[in-house]
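One structure is given below, encoded as structure tokens.
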Amino acid sequence: MKIALIGYGKMGHEIEKIAKERGNEVPVIIDALINPQDFTADNLRKADVAIEFTRPDAAFDNYIKCFEAGIPVVSGTTGWLDKMPQIEKICKEQGKTFFYASNFSIGVNIFFRLNKYLANIMNGFKDYDVKMEEIHHTTKLDKPSGTAKTLADDLVAALDRKQSWIIDGQPKPSEINIDCLRVENVPGTHTVKYFSDIDDIEMTHTAHSRKGFALGAVLAAEFLNGKPAGIYGMDDMLKF
């Protein structure tokens, strides 16, 4: 399979390495700081699938360029989801193919499932409050992380006593606070903690490197190649 890589930072380099190790080709590499002039439909059509890891403010336009070239897209950028309804409309009306995940790590997606399961249990135990913490490297632009948003949204959906989440604040009883920390060279750590006067229950996922995210993105591209038009996610790929 041939992959167009859009964004060539640390994640882009890791994706390229893993893609080639798995026998894929990477004939197109585009980065806004290196060769923006190469971001053309003709270049994109050299690939079967595009993997996009850039910036929240650039992601949507990058997806549109890929769609116009007829190339399916794997989206690894977070912080742009206010425009997801437009992507959904384009995929439905124009027959485009798109894969989005807030986190491509297999371990994180298992963590998502465990979070939902535990939240449904804890819904019946109102003496426990809940809070979250996410820690990422200092170059991460969005806050909270897409992973933290997914975890928090799933908590709000499952816990009748919670209606919304906030970041770095003093939550009301109906809110979940997410502490967002930025620490040098931390790939990503997420914690969900239930606490009461009697005891605490805590779940943590700690990424040791970017490799898990990069591998998941390549697996998603391999999964997406040849799929019918539509929007896909990790649940489709992992068959949870």
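Sum -39500 (n - 2.57) across every DSSP H segment of at least 4 residues in the chain, then divide by the residue count to get the 222 nm mean residue ellipticity, nearest 500. Kindly include the intermediate steps, with their values, before the conclusion.
Working: 8 runs with 89 residues, N = 240.
Per the formula, -11500 deg cm²/dmol.
Among the trypsin sites (Lys or Arg not before Pro) within segment 119-159, those in coil by DSSP and having at most 14 neighbouring Cβ atoms inside 10 Å are K126.
Note: relative contact order over segment 106-206, using C-alpha pairs below 8 Å and six or more positions apart, is 34 percent. Each of I87, I51 was scored by other Cβ atoms within 10 Å of its Cβ. Listed from fewest to most, they are I87, I51.
Please check: in the Gaussian network model of the chain (C-alpha springs, under 10 Å), which one of Q37, Q94, Q86 has the largest mean-square fluctuation. Looking only at Q37, Q94, Q86, the largest GNM fluctuation is found for Q37. Rounded to the nearest Hz, the phi-derived 3J(HN,Hα) couplings of segment 198-206 under the Karplus curve 6.51 cos²θ - 1.76 cosθ + 1.60 (θ = phi - 60°) are 8, 6, 10, 10, 9, 10, 9, 10, 10, where x marks glycine and proline. Mean-square fluctuations from a GNM of the chain, with a 10 angstrom spring cutoff on Cα atoms, peak among I18, I64, I198 at I198.
Converting phi to 3J(HN,Hα) with the Karplus coefficients 6.51, -1.76 and 1.60 and the offset θ = phi - 60°, segment 151-166 yields 4, 5, 4, 5, 5, 4, 5, 8, 9, 4, 7, 10, 10, 6, 10, 10 Hz in sequence order, with x at every glycine or proline. Ordering R210, R182 from the fewest to the most neighbouring beta carbons within 10 Å gives R182, R210.
Between K92 and M203, the modelled labels are 3.1 nm apart [label points 7 Å from Cα along Cα→Cβ].
Using the Cβ-Cβ distance between T139 and I34 with R0 = 22 Å, the FRET efficiency computed as 1/(1 + (r/R0)^6) comes to roughly 0.80.
Can you pull the percent of Cα pairs in the chain with separation above 27 Å?
More than 27 Å apart: 37 percent of the Cα pairs in the chain.
Given +1 at the Cβ of Lys and Arg, -1 at the Cβ of Asp and Glu and no other charges, the dipole of segment 198-238 around its Cα centre is 420 debye to the nearest 20.
When only alpha carbons are used to place a centre, segment 155-177 and segment 27-78 end up 36 Å from one another. Between T97, T138, T191, the GNM of the chain built on Cα springs shorter than 10 angstrom shows T138 fluctuating the most.
Normalised by the number of residues in the chain, the average gap of Cα pairs under 8 Å and 6 or more apart makes the relative contact order 22 percent.
Take the Cβ atoms of N120 and D236, set R0 to 22 Å, and the FRET efficiency comes out at 0.50. With the convex hull of its Cα atoms as the shape, segment 106-206 has an orientation-averaged projected area of 6.2 nm². Please identify which residues in segment 146-171 have an amide N closer than 18 Å to a label point set 7 Å out from the Cα of D127, following the Cα→Cβ vector. Flagged as within label range: 161. For segment 36-51, the Karplus equation 6.51 cos²θ - 1.76 cosθ + 1.60, evaluated at θ = phi - 60°, returns couplings of x, 5, 8, 7, 10, 4, 4, 5, 4, 6, 6, 10, 8, 8, 10, 10 Hz by residue, with Gly and Pro reported as x.
Laboratory data are not the source of any read-out in this text; all were calculated from the coordinates shown. A quick note: this is a predicted structure, and the numbers were derived from the prediction, not measured. Cβ: placed from backbone, ideal geometry, glycine included. Neighbour counts: every protein chain shown.
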